[in-house]
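The values are calculated or read from the model by the stated rules, or taken from the named source; none is laboratory data. All figures in this text were calculated on a predicted structure; none of them were measured in a lab. Ideal geometry is used to build each Cβ from the backbone, glycine not excepted, and the neighbour counts take in all protein chains shown.
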Amino acid sequence: MIFRRRKKTGAARHRAHGWPAAWLVRLSAIPWRRLAPAAALLLALCSAFVAARFGLDRPVRQIAISGRFQRVQPPDVEKAVRGALHGEGMVAVDLDRIAHAVQAIAWVDRASVARSWPDGLRVQVVEQKPVARWGEGGLVNVRGEVFVQDAQHIPSELPELVGPSGYAAQMTARCLAAQVRLEQGGMRLARLTLDERGAWDLTLDNGITLRLGRQSVDERFDRFIAAAARIVTARAADIAYVDMRYASGFAIGWRSGTSGVQRG
């Protein structure tokens, strides 16, 4: 049996051989001479970027640490920085990751990190500033964050906050506000207490307790400053407590065991 190869039709020949010719026509129409300088410039820029990227990405060798240090040790900061580098160079290093590693150190409040070319980092550290004690061994900052749970050294002049877990921020805000007004009247806050029922008590450094209760706490404190504070400063040695939980006055408990209600 004899098989004969069929001849390709014109359409088939066009499909087989027409498309290269069409593309050649299109490519020949492109103004290559005008595009050549732009392509060369783009290639040069890419080459320069790659060269700069690898040329500048040197290993980090120098770490400059600054800040006012009392509790934080600069060697601990440098150790945290080097532990967070992960072998990255000056260009690739993640500055946010470095800052978070430093902020994880006890007594560090904030940290900022910047590059210092050609091969260094600058680390600025701000220490925590305690404004009150929390329980037996905790310390809180001005934002009411408990940043230390078991402090080895607690400044004796700090007021103590005693209250339920989760109320540190609210108690710190009230403590700071009360502290300013008490000091203006010649008194100092020693302890602020919030019990499980939601009742507030303030204890002054002379041992006098100010009972504010659960309702209208700010208004009762204002009334104490306006009417009762002068009596407290004048007869502090004789007074055990001042009870502001009255609608239009307050009661004074004397150390002798007697008490009396004052109107005002």
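At a glance:
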| quantity | calculated |
| --- | --- |
| Residue match in the range 171-180 (condition: in contact with a Phe, Trp or Tyr (Cβ under 9 Å, 6 or more places away or on another chain) and surrounded by fewer than 17 Cβ atoms within 10 Å (Cβ to Cβ)) | yes |
| Residue among LEU158, LEU182 that alone is out of contact with any His (no Cβ under 8 Å at 6 or more places or on another chain) and under 24 Å from TRP107 (Cβ atoms) | LEU158 |
| Qualifying residue in the range 243-256 (condition: without any contact (Cβ under 8 Å) to a residue 12 or more places away in the chain, assigned to a helix (DSSP H, G or I) and out of contact with any helix residue (DSSP H, G or I) (no Cβ under 8 Å at 6 or more places or on another chain)) | no |
| The range 165-182, residues that are at pLDDT below 95 and more than 23 Å from the chain's Cα centre (by Cα) | none |
| Any hit, the range 208-217, residues being closer than 30 Å to LEU139 by Cα and part of a helix (DSSP H, G or I) | yes |
| Meets criteria (surrounded by 13 or more Cβ atoms within 10 Å (Cβ to Cβ), touching an Asp or Glu at 6+ places or on another chain (Cβ under 7 Å) and modelled with pLDDT of 95 or more) for VAL72 | yes |
| Restricting the range 130-147 to residues that are touching a strand residue (DSSP E or B) at 6+ places or on another chain (Cβ under 7 Å) and within 30 Å of VAL93 (Cβ to Cβ), the residue that is modelled with the highest pLDDT | ASN141 |
| Strands (runs of 3 or more DSSP E) completely within the range 72-141 that count 3 or more residues being touching a residue at least 24 places away in the same chain (Cβ under 8 Å) and in contact with a Leu (Cβ under 9 Å, 6 or more places away or on another chain) | 132-134 |
